[in-house]
Each structure stands twice: as C-alpha cells, then as structure tokens.
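Following: one structure in structure tokens, then a few remarks.
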Amino acid sequence: MASVQLEGVQKIYDAGSRAHIAVHNIDLQIDDGELVVLVGPSGCGKTTTLRMIAGLESVTRGTLRIGGRVVNDVPPKDRDIAMVFQNYALYPHMTVRENMGFALTLRHVGRTEVDARVRDAATILGIEDLLDRRPRQLSGGQRQRVALGRAIVRHPQVFLFDEPLSNLDAKLRVQMRREIARLHRQLSATMVYVTHDQVEAMTLGNRIVVMNTGRVQQVGAPLELYERPDNAFVATFIGSPPMNLVPARLTRDGGLRVVADDGAFAVPAPQAWAGLLIGGAERRILFGIRPEHLRIDGPGASAGVAARLDLVEPMGAELYLSLRAGNHDLMARVPPQPLPPVGTEIVLGMDVAHAHCFDADTSVRLS
Ligand SMILES: Nc1ncnc2c1ncn2[C@@H]1O[C@H](COP(=O)(O)OP(=O)(O)OP(=O)(O)O)[C@@H](O)[C@H]1O
Ligand SMILES: [Mg+2]
C-alpha cells in the first residue's frame, strides 16, 4: 500500500481554440491506508483528478507522488493502481473467474497464483458460488462485486473508484457502500473514492475533499465539514436538507442581533460574533442555520421568526417543513407533531448558538 500526494496539481484541457482549466492547484496528502472521498457537483474536476492519479490524463503542472515516488511521467501500467469505473464493462463471454483473473493472466502471473488470488477475492466479496457464471447470469450488485474483485486480485498499491455504485438502485447502493467500507478495513488499502453524492461521501470517507469548479473547497472528517464548513458552498453542499442561508446584517443596534436583509426576522446573535463588528456598527453577512436548529414555538414565544408553513414532508422519524419568512425560503427538520394547516403563519424558534456566519461578499466563514 502507498500514500498519494498531489502538490500544486493542475489540469488544463486543450479544448479546441481555448484552454479549459479543469483542476486548479490541488494540494492533497492521502496517507497510506486511508480512504479519501472526493465529492462535488458535476463538472467540478473529480474524474479528472482521479484520472491524473491513474495516469490516464497527463498532469499539466505540479507534482504527483505515489508511495513517495514522482509518477508524473510514469505510464498507468507501472503505477500499480487499480481503478473501478461507473461503467465497469465485464467481458460477457468470460466466466466470473476468468473476468477476475484476466488482468493477472495478461501480466503472465502463473495459473496457480491467479486461481488463489481469485478465490481469496471471491471469499472477501462473498461470490465464491458465482465463479463459473457469466455476467448475464448475475444481478447488478453481483456484477458490481465482480468488478471490485477484478481490482482486488491485482493487490494494487492504491484503489481508485469513480462513482462505482451509481448504476445500482438506492438499496443496493447502501449495501455496496458498506461492503466497500468493510473491504477498506479488511485490506487496509489506500483508496480514493469519487462521488457526487454527499451522503455517500459522509458515510464512507475517513476524510472528505469537497471540490467545486476545479478547486478544493475544504478537506476534513465528515463531522468537521458538517459542523464547521469553511464557506457557504460547503455549508450548503454537505447536509440534507441543506443549511438555510439568509443574506442579513449583523448589528449592535438594539443588542447584538442578526437582521434578515428584508427585515423578515431579527434574532439575537451569539456573543462570540461581537468580534466580527470591530471597525463598524454593522456588517453584511450570510446567516446560516441548519434545518434541525429550527423548531416550532408556541404562539406566545418571544424572539421568534414569523413564517408561513408551505409544505410538510413526513419522513417517518421526522418532518421536513418548507417555510417562507419574508422573501426567504427556510427548511426545518422537526420531530413528528401536530401542525397547523399548510398556509398558516407559525412562529419558529432558532437555536442561534448553532448558527453560522459567512462573509456576504466572499462567502468565507467568519464565525
Ligand atoms: N477531455 C476533455 N477535454 C476538455 N474538457 C474536459 C475533458 N474532460 C473533462 N473536461 C472538462 O473538465 C471539467 C471537469 O470534468 P470532470 O469529468 O473531471 O468532472 P466531474 O467532477 O468528474 O463531473 P461528473 O460528476 O459529471 O462526473 C468539466 O468542465 C469538463 O467539461
Ligand atoms: Mg466524473
């Protein structure tokens, strides 16, 4: 197994007349045996980053190391990595056993060794009984396991996964995700896993790298990202339903308060935010509050936020409420409870101790 290190790595595609910067200056250290997830919206550069690590794309600028060795100019076959793609084509005319062993046979690994490695991988994946079947005789999840098996038998230094589960239905995806996590523990392998699904990222990664428009936005453990997002992008990308963000003013007028830009609500600000007002009596901010930090207060409650209840989505263990306060849409997550009819004005309580404050212009975290 090996570490992977990206130092100022950049990728510029030569797209016809104009160059396109797909990845800007990524610095990232992935430790030996770590499972790191790259997550971000479509087109943010995840696949490009993974393909550079694999050697399937050249690195325009910067240094890429695997196991301490600079590999910028090392061809893919000499990098000792195995990649599992979303569209893992299995050879239809070969059995599972042959599919899994094929890459080894190509490399002139001896027959006994191939058989032993295929058997080991099949045991790890629980597909020993399927070795003599052909791909068309397998379910989607079983085929996915064979694709993983093909990577495992190679005993690579690094596993690279590019959205390997996105062709599976929701339930199977959850199951396979657990199997990949188990596989990671069992093999103590270095793994880089790409997904656009933040739930998958949160449940799988030791560390998550959030990307947007070719740039790393934040690197951290799942709960670090959730509890202290570095900017408004990470704040709204990680967590579902996403954090509510309201353009507002932080002011000392009438006590330290946050006032929504349209005056729809005014709530006391955490005392720790007083330091953000040095050099002025007020400041424009983006006020962030997660749906679980909103609650429904009784009609008599003070310091509440008046909002219209627009939609109730029962999720079983909790309710998602869509609300409208002034010009702002808010989401709340509350325990199941009797609610007034949709369309009614209600009073929301905000747990402002858990609120987040971002710069109105740069959207960088201030609190
Ligand atoms: N071969 C190419 N030539 C030119 N531009 C490319 C090429 N491949 C990708 N791009 C561009 O680079 C950017 C990053 O693409 P990439 O495939 O890495 O995104 P991604 O994060 O994997 O997205 P998705 O979630 O949709 O798979 C996109 O703007 C894409 O259009
Ligand atoms: Mg991609």
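For the range 51-69, check the following and say yes or no: at least one residue is more than 16 Å from ligand 1 (Cβ to nearest atom), closer than 18 Å to residue 160 by Cα and in contact with a Gly (Cβ under 8 Å, 6 or more places away or on another chain).
No, the range 51-69 contains no residue that is more than 16 Å from ligand 1 (Cβ to nearest atom), closer than 18 Å to residue 160 by Cα and in contact with a Gly (Cβ under 8 Å, 6 or more places away or on another chain).
Output the residue which, of all residues in the range 160-183 that are away from ligand 2 (no atom under 16 Å from the Cβ) and charged (D, E, K, R), is farthest from residue 206 (Cα to Cα).
Among residues in the range 160-183 that are away from ligand 2 (no atom under 16 Å from the Cβ) and charged (D, E, K, R), the one farthest from residue 206 (Cα to Cα) is 169.
Of these, 165, 131, 125, which one is within 16 Å of ligand 1 (Cβ to nearest atom) and touching a helix residue (DSSP H, G or I) at 6+ places or on another chain (Cβ under 6 Å)?
From the options 165, 131, 125, the qualifying one is 165.
Quick test for you: out of 199, 174, pick the one residue that is out of contact with any strand residue (DSSP E or B) (no Cβ under 9 Å at 6 or more places or on another chain), within 16 Å of ligand 1 (Cβ to nearest atom) and assigned to a helix (DSSP H, G or I).
Matching residue, one of 199, 174: 199.
Restricting the first residue to the range 157-177 and requiring it to be free of Cβ contacts under 8 Å to residues at least 24 places away in the same chain, which pairs with a second residue that is among the β-branched types (Val, Ile, Thr) and in a helix (DSSP H, G or I) meet a Cβ separation below 9 Å and a spacing of at least six or different chains?
Listed by first residue and then by second, the contacts come to 174/203.
Hey, does the range 171-181 have a residue that's in the same structural domain as residue 35 (by TED's automatic domain parsing), at pLDDT 90 or above and touching a Pro at 6+ places or on another chain (Cβ under 7 Å)?
So far as the range 171-181 goes, no, none of its residues is in the same structural domain as residue 35 (by TED's automatic domain parsing), at pLDDT 90 or above and touching a Pro at 6+ places or on another chain (Cβ under 7 Å).
A quick yes/no check of all residues on (1) in contact with a Pro (Cβ under 7 Å, 6 or more places away or on another chain); (2) in a helix (DSSP H, G or I):
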{"site": "105", "(1), (2)": "no, yes"}
{"site": "109", "(1), (2)": "no, no"}
{"site": "119", "(1), (2)": "no, yes"}
{"site": "132", "(1), (2)": "no, no"}
{"site": "136", "(1), (2)": "yes, yes"}
{"site": "143", "(1), (2)": "yes, yes"}
{"site": "156", "(1), (2)": "no, no"}
{"site": "164", "(1), (2)": "no, no"}
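Can you tell which of 201, 221 is assigned by TED's automatic domain parsing to the domain that holds residue 24, touching a Lys or Arg at 6+ places or on another chain (Cβ under 7 Å) and not β-branched (Val, Ile, Thr)?
221
Run down 2, 22 and say which single residue is away from ligand 2 (no atom under 14 Å from the Cβ) and either outside the structural domain of residue 215 (by TED's automatic domain parsing) or aliphatic (A, V, I, L, M) (or both).
From the options 2, 22, the qualifying one is 2.
May I ask you to list pairs of residues, at least six apart or on different chains, whose Cβ atoms are under 8 Å apart, with the first in the range 43-67 being within 19 Å of residue 31 (Cα to Cα) and the second being in a loop (DSSP other than H, G, I, E, B) and within 12 Å of ligand 1 (Cβ to nearest atom)?
46/40; 46/196; 51/57; 52/58
Mind listing whichever residues of the range 82-109 are away from ligand 1 (no atom under 16 Å from the Cβ) and of a type in the set (Phe, Trp, Tyr)?
91, 102
Of 325, 353, 306, which residue is modelled with pLDDT under 95, within 31 Å of the chain's Cα centre (by Cα) and closer than 22 Å to residue 241 by Cα?
When all the criteria are applied, what remains is 353.
Assess whether residue 259 counts as being part of a strand (DSSP E or B), crowded, with 19+ Cβ neighbours inside 10 Å and either at negative phi or at pLDDT below 95 (or both).
Considered against the rule, which asks whether it is part of a strand (DSSP E or B), crowded, with 19+ Cβ neighbours inside 10 Å and either at negative phi or at pLDDT below 95 (or both), residue 259 comes out as yes.
Identify the single condition in (1) in a strand (DSSP E or B); (2) farther than 28 Å from residue 203 by Cβ; (3) away from ligand 1 (no atom under 16 Å from the Cβ) that residue 74 does not satisfy, given that it satisfies every other one.
(1)
Kindly indicate whether residue 129 is at pLDDT 90 or above, assigned by TED's automatic domain parsing to the domain that holds residue 41 and within 16 Å of ligand 2 (Cβ to nearest atom).
So residue 129 fails the test.
Please count how many residues of the range 217-275 are closer than 21 Å to residue 334 by Cα and in contact with a Ser or Thr (Cβ under 8 Å, 6 or more places away or on another chain).
Summing the residues that are closer than 21 Å to residue 334 by Cα and in contact with a Ser or Thr (Cβ under 8 Å, 6 or more places away or on another chain) in the range 217-275 gives 3.
The values are calculated or read from the model by the stated rules, or taken from the named source; none is laboratory data. The structure presented is a predicted model; accordingly, all values stated were derived computationally and were not measured. Because the Cβ atoms are built from the backbone with ideal geometry, glycine has one as well, and the counts that use them run over all protein chains shown.
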